[in-house]
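Down below is the structure, laid out as structure tokens.
Quick note: the coordinates plus some simple rules give every number you see, no bench work behind them. Because the structure is predicted, anything quoted here is derived from the model rather than measured. Don't worry about glycine lacking a Cβ; one is built from the backbone with ideal geometry, like all the others, and counts go over all protein chains shown.
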2 protein chains.
Amino acid sequence: MNPNFDAIGKHFVHHYYSVFDEKSKRETAAEMYHPTEALLTFEGQQFQGVGAIKEKMKAIPLDNMARQFTTIDCQPTVDGGVLVTVIGQLKNCSENDKVMGFTQTFILKPSNSSFFIHHDIFRLALHDC
Amino acid sequence: MNPNFDAIGKHFVHHYYSVFDEKSKRETAAEMYHPTEALLTFEGQQFQGVGAIKEKMKAIPLDNMARQFTTIDCQPTVDGGVLVTVIGQLKNCSENDKVMGFTQTFILKPSNSSFFIHHDIFRLALHDC
């Protein structure tokens, strides 16, 4: 197991959203996913591989996002990867009053000196408050 | 990958909570975890292996629980396992007015004809409503 799993997971989270949250960069976030094996479940819709994930990223109808993290939990996996769960709130910058909770789970796996996302499950907030 | 990942994940979720949510059975839920490798992160506290997880189960200060699921998302992993994320609400049956949101992520891995929990990250609801 990678002893730096916590730092790797948290660094990844901040990097991932710094790309995803900017509309002009969003589809390049797809390049962080494993080219063929990556699985994305986005609000219950399933996508596999960078091509399908990039198309989904382009289709997400959100402008630039502001995001706050409530918790980031990381665990090491036996193959040197990291399981990461994120809970937080996000705001579409063009709709000032709309704050949404979200939860997202990633599994990262090592590849050479870096990591690919192999699993990603995303859900917007969950119950009406 | 296991083609039945979705059914396996959803069946597991219902079985797991049917044990966990009954206070008299709760510590036996620990037997669903891999004896030595299982990692549990419970509200940020980390536990490894059945012994430590069973002690934690015994210490959880909740009576019988009622639970509603908002979403259960499953993905297959390359080793024949299942990644499961659960979002829902739970209620401590002895405190009628207290409904809490929660999110929980499991990774199940096959062992003979069954599955062990290898990873579990649990968080109670996330932001005040």
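Computed from label points 7 Å out along Cα-Cβ, the spacing between residue B:124 and residue B:45 is 1.2 nm.
Can you give me the convex hull volume of the Cα atoms of the protein assembly as shown, divided per residue and expressed in Å³? It would help to have the intermediate numbers written out before the result.
Working: hull volume 31.6 nm³, N = 258.
Cα-based convex hull of the protein assembly as shown, divided per residue, equals 122 Å³.
Total lysine pairs in chain B at Cα distances under 14 Å, for residues eight or more apart or on different chains: 7.
If each residue's Cβ is checked for other Cβ atoms within 10 Å, how do A:106, A:122 rank with the fewest at the top? Can you show the working numbers first?
Working: A:106 25, A:122 18.
Arranged by neighbour count, lowest to highest, A:106, A:122 become A:122, A:106.
Pick from A:82, A:50, A:99 the residue whose mean-square fluctuation is largest in a GNM of chain A, springs joining Cα atoms under 10 Å. Sorting by GNM fluctuation, first place goes to A:99.
Farthest towards the positive end of the charge dipole of chain A, among the residues A:103, A:76, A:117, is the Cα of A:117, using unit charges on the Cβ of Lys, Arg, Asp and Glu. With the label put 7 angstrom out from Cα along the Cα-to-Cβ vector, residue B:46 ends up 3.2 nm from the copy partners, going from closest to farthest. A full extension of the chain between residue B:11 and residue B:112 corresponds to an added length of 34.6 nm, given 0.36 nm per residue minus the alpha carbon distance.
Among the GluC sites (Glu not before Pro) in segment A:26-129, which ones are in a DSSP loop with at most 12 other Cβ atoms within 10 Å of the Cβ? Mind listing them? Mind showing how you got there, number by number?
Working: sites: A:27, A:31, A:37, A:43, A:55, A:95; in loops: A:37, A:43, A:95.
When the GluC sites (Glu not before Pro) of segment A:26-129 are filtered for loop state and at most 12 Cβ neighbours within 10 Å, A:43, A:95 remain.
How big, on average over all directions, is the shadow cast by the Cα convex hull of chain B, in nm²?
On the way: hull surface 31.3 nm².
Approximately 7.8 nm², given one-decimal rounding.
In the assembly of identical copies, residue B:25 has its label point, taken 7 Å from Cα in the direction of the beta carbon, separated from the corresponding points by 4.8 nm (ascending, one decimal). Once the Cα atoms are used to define both axes, helix B:49-59 deviates from the longest principal axis of chain B by about 10 degrees. Here each label is just a point 7 Å from Cα along the line to Cβ, and for residue B:67 and residue A:56 those points are 2.5 nm apart.
What dipole magnitude, in Debye to the nearest 20, does the protein assembly as shown give about its Cα centre under +1 on Lys/Arg Cβ and -1 on Asp/Glu Cβ? Intermediate results must be reported in sequence, preceding the final value.
On the way: 24 positive and 30 negative charges, 1 e Å.
Here the size comes out at about 0 debye.
Can you tally the net charge around residue A:51? Count Lys and Arg as +1, Asp and Glu as -1, for every other residue whose Cβ sits under 14 Å from the Cβ of residue A:51.
Values: positive: A:54, A:56, A:58; negative: A:27, A:31, A:37, A:55.
My count for the surroundings of residue A:51 gives -1.
Within segment A:36-129, list the trypsin sites (Lys or Arg not before Pro) lying in a DSSP loop whose Cβ has at most 13 other Cβ atoms in a 10 Å radius. Intermediate values should be presented prior to the final figure.
Values: sites: A:54, A:56, A:58, A:67, A:91, A:98, A:123; in loops: A:98.
Filter output for segment A:36-129: A:98.
Inter-copy label distances at residue A:94, shortest first and taken from points set 7 Å along Cα to Cβ: 5.2 nm. Only the Cβ atoms of Lys and Arg (+1) and of Asp and Glu (-1) were treated as charged; on that basis the dipole of segment B:5-124 about its Cα centre amounts to roughly 140 debye.
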